[in-house]
Amino acid sequence: MQPSVATKANRSPISRGSAFLREPTLPSRDGELGADLYLDILASIPSSILIFDSSLRVVFANRNFLVKSRKGQGEVLGKTIGDIFPPVILYYTNLEENLQAAQMGRPLDGEEMEYRAPGLASRVYFYSLTPLKDEGGRVRNVMLFMDDVTEKKSLGERVARAERHLASVVESANDLIVSMDAHGAVMTWNSAAERILGFSAPDMVGGQFVQLFPDAERANPEGLFAQLIRGGEPQEREASMRAKGGQELLIAWRFSTMKEERGQVVALVGVGRDLTEKRQLELRLIQSAKMAALGEMAGGIAHEIRNPLAITSSAAQILLKKGRDPELRREAAQKIHTAAGRAATIIENLLRFARPSEGLVERVDLNSAVEDTLSLIGHQISLQSIEIEKRLAPQVPRLTGNKNQLQQVFMNIILNAYHAMPEGGKFTITTRVVPAIPPPAGPLPGREFPEPVRPLASNPQSAVDPPQAGQWVEIRFSDTGCGIPEENLHRIFDPFFTTMPVGSGTGLGLSIAYSIVRQHGGSIRVESQVGSGSTFTVSLPAAPPHLVLSPIGGEDKVRGRT
Amino acid sequence: MTDILVVDDEKDICWALETALGDEGYQITQVTRGEDAIREVRRRPFTLAIVDVKLPGMSGIEVSRVIGQLDPRMKIVLISGYHYEEDQPIQEGIRRRMYRGFISKPFELDEVSALVRRVLAENENTPPVLEEADHDRTV
C-alpha cells in the first residue's frame, strides 16, 4: 500500500525534515506553546521517533529516524513496523507484540536493540514505547522512542575492558598487591598475595593487614600506616610476614596512599616482593666469596697452625728424652696442652668462618669478632712485615647482627689492606662507640656508602640487653698502603671491580662487605690518598630497627634475616 | 763455649731449641723480635744465629741481612713454618751463602742438633748444608 504523503516540511521551516502522514494530535493549549513548536522539538531532538496510529501504521517519523535509517519518507509513512524493521530485529525484540501491548495501554520502559541500516555499521538503540492517550484516556497513538546509545555503550565496554585489563594486570603481577582502607582493613588482595602468603582473598578481605606481621614487628607497620595517612611519603619496609602455614617470609614492601581529588586518603596500597629467593641467592654469593677469601688466606692459616704443631712436637720429643726431670716434664706437658689448644682454636675459628651463614641474628661482641678475624689472617699480614695495631674500645655495646657475616666484612677489608701493602706497613684497627649518626667524611676525599640512615623506630625487643637506641659502633681500618686513586674510589664497592691481576682476586670482597653492612643498617666510608694509605670506616647501628630478635629463639640465638 | 742466638716470636719454640741445644753444651740467647736480635749482635759476637723468617715488624730475611753485615763471621740458619727451602728467596740466600741451612716447622730436635753441629763444623769452603726433607738421612 502506498499512502498519500503530505509533508509538513514543505510548509513549515521549523519542522523541516520530519515526515507526517497526517498531523498527529498533539497536546497544545492556546496561549502556551504552539503545536509547531512541539513538532519542531520532535523533529530536532537527536533521538529517533516514530508515531503510530491506532492501526499501528506510521504517521510520523522524525528527521533523526529518517537520517539514521537511511529511509525516505515513502518507505516509512503509512507502513507497519514489519515493513520498516528487518525480520530478525522483530524476532529478537518482540517489537510487534510490544507495540500492540502499548496500543492496549501498556508502555514499554526501555530495552536495547541493535539496528543496522543498509550499508552502515550496526548501532545500538535504547527504545521505549509510550501510549499517547486522548482526554478520554483512549490510546490514540503509540510513540516509539529510540535513543542511539552506540557510543555510550562502546565507551562503557571500553571502560569495562580497561577495568578488566587493569584487574588482570594486578592479578597477573608476580608481586603482592594489596589495598587497605584508612583503618588498615584489607580491601583487595591479588593472586600473587594468595600464592605467596597462602591466604585467599576471601580470607583476607575485611581483616587487618597488620595481623600478618609477627607480634614483635607489629608496632612498626602500625606506626608506618599512621604516618602514611597523615600524608607522609611512600614508605619502603622489609618485613617478615606470617604465611598461612606459619612460616615467616621476608617481603620487601612499598606502601603508598591512594587519594581522592581533594587529597583525602581513601586507601593504602602495598606492593610487596618476596625476598626469600633473592636472599638465598645472596647468601650463596656471600658464601662463595667467603670461600675465595679463605683460599687467599690458606697459606697464612697453615703457618699459623704449624707453630703450635712445632711446639707440640718439640715438647713431646723433650718429654721422651728427658721425662725423668719432673720440672721439665711438667713444663713440656703444659706447653703441649697450650699449643694443642691454640691449634684447636685456629681450626675452630676457621670452620666457624667457613660454614655458611644461616642469617642468624645474634648479639655480637665486635671486639671479639675483630680478634677472631685477626686470629685467622693476622699472621699472614704480619708475615708481610705489616705491623698490626689494635685500638679496641673497652666498652663496646653488643650489637644486633650476624657475627659470621661481620667477620667476613672485616676479613675482606683486611685482605684489601694486605694487598695494598706488598712492601709492609702499618695496619691500625680502631673500634669506638659513637653516640649518634657517624660524622661525615674527614678532610681526605671520601665517599660514604650508603648515606647514613636514621633508625625509624626503636626496637621493643632490644630491651633484653639494651644497646641504646641511636648508638652506633664504628670500626676503622687504616693502612699505610698504596691508596686508591680518585677515579677508582667510587668503583671499589662495585661487584667484580678489581685492580689486581686476573686470577688474584674475585673483585667481590668489598662489594660483599658493602652488601652485608647495608643489610645491618650501617654504612662504609672510605678515605684514601694515593701513596699514603686508605681508611675504611664501618659504622653499624647497635640496634638496627629491621633486625629483630625474635622471642622464639631466646636471648642470644634467634631467627632473623641478614 | 759456642754462643747461639735464637730469634723467634714464639717463646715456646725458643724454649724447645734452648732445651735441645743447651743439652749439646751450647750457650743459647733467645729473643722474640728482630730489633732485639740486632741489639744483641751489636753487643757481642755469636757463632750462629737461628732466625725465624716470619717475625712481627722487621722480617727474618731483613734481620739476617743486617746481623750478617754486623758480624760477617756469624753463620745464619733460617727456620720457618711458612716457607719451604725450595722457595726462591731461601734458595737465593743459600746460593749466596747468606744462610747455611733451613729448618722447616715442625722439626725433629735431633736433626736440628745435627744440622747445628754440621754448620758449626764446616769451614768457609764447604758448601752450605741444608736440612733434608728426608729425616731418615744418617748424619
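The values are calculated or read from the model by the stated rules, or taken from the named source; none is laboratory data. Bear in mind that the values here come from a model prediction, so they are computed numbers and not experimental data. Counting neighbours? That spans all protein chains shown, and the Cβs are built from the backbone with ideal geometry, glycine included. The accessibility values were calculated without ligands, DNA or RNA, using every heavy atom of the protein model including side chains. Shrake-Rupley method; radii C 1.70, N 1.55, O 1.52, S 1.80 Å.
Only residues that are within 14 Å of another protein chain (Cβ to nearest Cβ) and either in contact (Cβ under 8 Å) with a residue 24 or more places away in the chain or farther than 21 Å from A:T312 by Cβ (or both): list them for the stretch B:79-89, please. Within the stretch B:79-89, B:I79, B:S80, B:G81, B:Y82, B:H83, B:D87, B:P89 qualify. Filtering the stretch B:18-27 to residues that are in contact with a strand residue (DSSP E or B) (Cβ under 8 Å, 6 or more places away or on another chain) and open to solvent by less than 20 Å² (accessible area, probe 1.4 Å) leaves only B:L21. For B:W15, the criteria (1) part of a helix (DSSP H, G or I); (2) away from every other protein chain (no Cβ under 12 Å); (3) open to solvent by 10 Å² or more (accessible area, probe 1.4 Å); (4) at pLDDT 95 or above hold in every case but one, which is (2).
Can you spot a residue in the stretch A:214-230 that is more than 29 Å from the chain's Cα centre (by Cα) and either assigned to a loop (DSSP other than H, G, I, E, B) or surrounded by 17 or more Cβ atoms within 10 Å (Cβ to Cβ) (or both)? Within the stretch A:214-230, not a single residue is more than 29 Å from the chain's Cα centre (by Cα) and either assigned to a loop (DSSP other than H, G, I, E, B) or surrounded by 17 or more Cβ atoms within 10 Å (Cβ to Cβ) (or both). Filtering A:R230, A:R242 for residues that are touching a helix residue (DSSP H, G or I) at 6+ places or on another chain (Cβ under 8 Å), farther than 28 Å from A:I512 by Cα and among the basic types (K, R) leaves a single hit, A:R242. Only one entry of A:S256, A:S240, A:S200 meets the criterion of being open to solvent by less than 20 Å² (accessible area, probe 1.4 Å) and of a type in the set (G, A, S), and that entry is A:S240.
Could you grab me the full set of residues in the stretch B:55-77 that are in contact with a Ser or Thr (Cβ under 6 Å, 6 or more places away or on another chain) and in a loop (DSSP other than H, G, I, E, B)? Correct list: B:P56, B:S59.
Residues in the stretch A:268-287 that are more than 30 Å from A:A226 (Cβ to Cβ) and surrounded by fewer than 18 Cβ atoms within 10 Å (Cβ to Cβ): 8 in all.
Determine, yes or no, whether A:V396 is in a helix (DSSP H, G or I) and in contact with a helix residue (DSSP H, G or I) (Cβ under 7 Å, 6 or more places away or on another chain). Against the criterion (in a helix (DSSP H, G or I) and in contact with a helix residue (DSSP H, G or I) (Cβ under 7 Å, 6 or more places away or on another chain)), A:V396 does not qualify.
Residues in the stretch A:343-375 that are in contact with a Ser or Thr (Cβ under 9 Å, 6 or more places away or on another chain) and over 30 Å from A:G522 (Cβ atoms): A:A343 alone. Screening B:V63 against (1) farther than 17 Å from B:E111 by Cα; (2) surrounded by fewer than 19 Cβ atoms within 10 Å (Cβ to Cβ); (3) within 13 Å of chain A (Cβ to nearest Cβ) leaves a single unmet condition, (2). Just wondering, is there one or more residues in the stretch A:122-133 that are in contact (Cβ under 8 Å) with a residue 12 or more places away in the chain and out of contact with any strand residue (DSSP E or B) (no Cβ under 8 Å at 6 or more places or on another chain)? Within the stretch A:122-133, not a single residue is in contact (Cβ under 8 Å) with a residue 12 or more places away in the chain and out of contact with any strand residue (DSSP E or B) (no Cβ under 8 Å at 6 or more places or on another chain). Condition check for A:R57 on (1) open to solvent by 10 Å² or more (accessible area, probe 1.4 Å); (2) modelled with pLDDT under 90: one failure, at (2).
B:I4 passes every criterion in (1) modelled with pLDDT under 95; (2) under 25 Å from A:L320 (Cβ atoms); (3) surrounded by 22 or more Cβ atoms within 10 Å (Cβ to Cβ); (4) away from chain A (no Cβ under 14 Å) apart from (1). Is one or more of the residues making up the stretch A:338-356 assigned to a helix (DSSP H, G or I), facing chain B (nearest Cβ under 8 Å) and not polar (S, T, N, Q)? The answer is yes; a qualifying residue exists. Would it be correct to say that A:A185 is among the hydrophobic types (A, V, I, L, M, F, W, C) and either surrounded by fewer than 13 Cβ atoms within 10 Å (Cβ to Cβ) or at positive phi (or both)? So A:A185 fails the test. Got at least one residue in the stretch A:358-379 being more than 30 Å from A:F497 (Cα to Cα), within 13 Å of chain B (Cβ to nearest Cβ) and touching a residue at least 12 places away in the same chain (Cβ under 8 Å)? No: the stretch A:358-379 contains no residue that is more than 30 Å from A:F497 (Cα to Cα), within 13 Å of chain B (Cβ to nearest Cβ) and touching a residue at least 12 places away in the same chain (Cβ under 8 Å). Among the residues of the stretch B:32-54, are any of a type outside the set (D, E, K, R), outside any loop (DSSP other than H, G, I, E, B), within 13 Å of chain A (Cβ to nearest Cβ) and open to solvent by 40 Å² or more (accessible area, probe 1.4 Å)? No, because not a single residue in the stretch B:32-54 is of a type outside the set (D, E, K, R), outside any loop (DSSP other than H, G, I, E, B), within 13 Å of chain A (Cβ to nearest Cβ) and open to solvent by 40 Å² or more (accessible area, probe 1.4 Å).
The set of residues from the stretch A:288-331 being within 11 Å of chain B (Cβ to nearest Cβ), in a helix (DSSP H, G or I), out of contact with any Pro (no Cβ under 7 Å at 6 or more places or on another chain) and open to solvent by 50 Å² or more (accessible area, probe 1.4 Å) comprises A:A302, A:L319, A:L320, A:K321, A:K322, A:E331. Considering only residues in the stretch A:236-251 that are in a strand (DSSP E or B), under 20 Å from A:M187 (Cα atoms) and of a type in the set (A, V, I, L, M, F, W, C), the one that is modelled with the lowest pLDDT turns out to be A:M241.
For the structure I just gave you, tell me whether A:E157 is over 26 Å from the mean Cα position of the chain (by Cα), open to solvent by 40 Å² or more (accessible area, probe 1.4 Å) and of a type outside the set (S, T, N, Q). Against the criterion (over 26 Å from the mean Cα position of the chain (by Cα), open to solvent by 40 Å² or more (accessible area, probe 1.4 Å) and of a type outside the set (S, T, N, Q)), A:E157 qualifies.
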